[in-house]
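Right, one structure below, let's go through it.
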Amino acid sequence: MTSALNHIPQRVGPIAALPALVAEFGGKAEEIFAGSGLAAAELTPDRYISMAIAVELLERAVTATGRPDFALQLGLRQTPSSLGPVGRLMSLAPTLGEALNDLASFQINNSRGLVVYFTRLGDDFALGVGIYGRALQVSSLPYDLSIGIGCSLVRQLTRGLVAPVEIMLIRREPKDPAPYHRIAQCPVRFDQAQSCIILSRQQLACKLASADSAARAMLLRQLNEAMSAAPWGVAGKVRHALRPALLQGRDSLREVARAAGLHPRSLERHLKEEGVSFDALKDEVRFTLARELLAL
């Protein structure tokens, strides 16, 4: 199994249930992990592994179970707790909209090769996901997994009161699209420029029964402190911000600097100190997006 991109960490939480689901679908978990350097028992939620390995485990699980919808089904089995502290913060939010904004704000703690973004799309809002790790293999499975997780989170946070208005997927339509339509219970569009869940403004105002302002404020302080001491640097922030920025046509230095919480001159200075330029990072992420649009 490839050992590439060990520097792109991915929190295990969203795929921790992979061995159990492989067994449920009639596969053998030990075959999935052969040569990975991991045992099924080591796939614990708070562990970080290479994102490349996580993707390959998903690919192997699809082959072993004969279930093209494996990643989608795995995503549907997730809960907010699967996302660790970020998911806990979401559960404490007063509304669904604020919970999804929490996810977009702090998800970089869970993955440095995949971004979750939350943005306006026409009269509605999109909870989207995009891969920006340039050397990662092109695969639709992280998108299937993420859409499944998104649908599950929305349902669980609102206790079934809210479901997506529409789902968009960057991937081509599979031979059997029925699983996507069953889990969505809304229009599903394939061959799109992005993968996202569409929600209305009214849905985002849905109040969460698990809200707790005091506990939320405490956890928010802890997460902000962790972000301020984060190891990924300004280049990591910029890569994370560029994928949705390119999709939205807001990819100028000024706009990306604003998204990263920096003055443009400060951003350029930090990037120079880290040995990279804004234009180089933009080209890198643009390449990844173009490659996916051509291949998926």
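The values are calculated or read from the model by the stated rules, or taken from the named source; none is laboratory data. Just so it is clear, the model here is predicted, and its values are computed rather than measured. Note that each Cβ is placed from the backbone with ideal geometry, even for glycine, and that neighbours are counted across all protein chains shown. These accessible areas exclude ligands, DNA and RNA; they are computed on the full protein's heavy atoms, side chains included. Shrake-Rupley method; radii C 1.70, N 1.55, O 1.52, S 1.80 Å.
Quick notes on this structure:
- In order through region 200-216: 3J(HN,Hα) via Karplus (6.51 cos²θ - 1.76 cosθ + 1.60), integer Hz, x for Gly, Pro: 8, 4, 5, 5, 5, 7, 4, 7, 9, 5, 8, 4, 8, 5, 5, 5, 5
- Nearest-0.05 FRET efficiency for His263 and Ala163, computed from C-beta distance (R0 35 Å): 0.30
- Spatially proximal lysines relative to Lys237 (Cα-Cα < 22 Å; intrachain offsets below 8 disregarded): Lys272, Lys282
- When the charge dipole of region 43-164 is built from unit charges on Cβ atoms (+1 for Lys and Arg, -1 for Asp and Glu) and taken about the Cα centre, the candidate among Gly87, Leu58, Thr44 whose Cα reaches farthest toward its positive end is Thr44.
- With all pairs of separate Cα atoms included, the chain yields a Kirkwood hydrodynamic radius of 19.6 Å.
- Selection from Met168, Phe118, Gly148, by position along the positive dipole direction of the chain (Cβ): Phe118
- Length added when fully stretched, Ala295-Ala205, from 0.36 nm per residue minus Cα-Cα: 28.7 nm
- Where only alpha carbons of region 1-90 are counted, the Rg and the Dmax (Å): 12.6, 36
- Full extension of the segment from Gln222 to Val138, taken as 0.36 nm per residue of separation minus the current Cα-Cα distance, would add 26.8 nm.
- Computed with a 1.4 Å probe over protein heavy atoms only, the accessible surface of region 1-77 comes to 42 Å² per residue.
- Relative contact order [Cα under 8 Å, 6+ residues apart], region 135-220, whole percent: 31
- For region 23-118, with all protein chains in place and a probe radius of 1.4 Å, 53% of the accessible heavy-atom surface sits on carbon or sulfur.
- Calculated FRET value between Ala193 and Glu255, using beta carbons and R₀ = 25 Å, to 0.05: 0.85
- Here, region 94-171 is characterised by an Rg to Rh ratio of 0.96, where Rg is the alpha-carbon radius of gyration and Rh the Kirkwood radius.
- Relative to the 2.2 N^0.38 Å rule of thumb, region 146-296 has a C-alpha radius of gyration ratio of 1.27.
- Taking the Cα centre of the chain as reference, the dipole from Cβ charges on Lys and Arg (+1) and Asp and Glu (-1) amounts to some 500 debye.
- Rh by Kirkwood over Cα pairs, then Stokes-Einstein D for region 209-250 at 0.890 mPa s and 25 °C, µm²/s: 195
- With helices as the sole contributors, the chain gives -15000 deg cm²/dmol at 222 nm; each DSSP H run of n ≥ 4 counts as -39500 (n - 2.57), and the sum is divided by every residue.
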